[in-house]
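One structure, pasted below without further comment.
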Amino acid sequence: MIRTSSIALKGLLGAQRTMIATRRLGASIIVPLRLASTAADNKTIAQKKKDLTKLKSKLTKEKSHLVKLETKLKERTKSFVAKEKEREQKLKEKEKKIIAQATKTYRGVSGYTLFVKESKNSNISEVSKKWNTLAADEKEVYQAKAKEVNEEAKKIYTPKPKRPAEGFALYLQQNYTKDGRPVEESMKELGSQWRALSDEAKKEYKLTQADKDEYEKKLKAWVDKRVQLYNESKSKSK
């Protein structure tokens, strides 16, 4: 019985030794595996950090490039706007000059002016001397021609529409009469009457918005017509 127990004890010890050895073997395998895994993870993290650094650097460059592009765009836009304003200003000035020329009061031509045009001589002094040698009836021929030209021109170059009178001017139109008295006396009396009117009464002599609109419409039509005639005359003279 003692022998059996001794054998069992030996077997138990052997089994325990086997387990310890197995555990040691397992530990010797697991630890290197864990170390290898940690090294791989560290390598992956390092690579990711490196990639992230590159990406940040690339992003910084892209942002810098974008800022440069935005700056160039702003400068070009500013330059374009400035040029457009300058162009519009020049067009306005040109249009203003054309309107000023086109809407000049028609002065008419004289017989002498027509004579100068017909002579086609650049020496005005000689032309003037020749004009002075003409007989009265010869000059009258040119004066008659000039009158015809002016009459036709007046049909085309109509005078500027007059702005409707208002205020004291309208009051004068409606109340001034030629009664034989001096103009100064009549004006003085009418002036006193106007000043004596109440503000409410004076409102009757103000232009209505409809009157103003009608005048502006007529004025615009007149300006447009005169500009058209001016441009046509310039085209013919070329």
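Please state which one of Lys61, Lys97 is surrounded by 10 or more Cβ atoms within 10 Å (Cβ to Cβ), of a type outside the set (A, V, I, L, M, F, W, C) and under 23 Å from Leu219 (Cα atoms).
Details: Lys61 fails: under 23 Å from Leu219 (Cα atoms).
Answer to the selection: Lys97.
Condition test on Thr158, is it under 24 Å from Leu219 (Cβ atoms), modelled with pLDDT under 90 and surrounded by 10 or more Cβ atoms within 10 Å (Cβ to Cβ)? Before the answer, list the steps.
Values: under 24 Å from Leu219 (Cβ atoms): yes; modelled with pLDDT under 90: yes; surrounded by 10 or more Cβ atoms within 10 Å (Cβ to Cβ): yes.
Yes.
Would you pick out the residues in region 161-205 that are over 30 Å from Lys225 (Cα atoms), basic (Lys, Arg) and surrounded by 10 or more Cβ atoms within 10 Å (Cβ to Cβ)?
Arg181, Lys188, Lys202
When both residues are 6+ apart or on different chains and their Cβ atoms are under 7 Å apart, which pairs have a first residue that lies in region 196-213 and is without any contact (Cβ under 8 Å) to a residue 40 or more places away in the chain, and a second that is surrounded by 10 or more Cβ atoms within 10 Å (Cβ to Cβ) and among the aromatic types (Phe, Trp, Tyr)?
Pairs found: Tyr205/Tyr171.
The values are calculated or read from the model by the stated rules, or taken from the named source; none is laboratory data. Since the model is a prediction, treat every value here as computed from it, not as a measurement. When we count neighbours, we look across all protein chains shown, and the Cβ atoms used for this are built from the backbone with ideal geometry, even at glycine.
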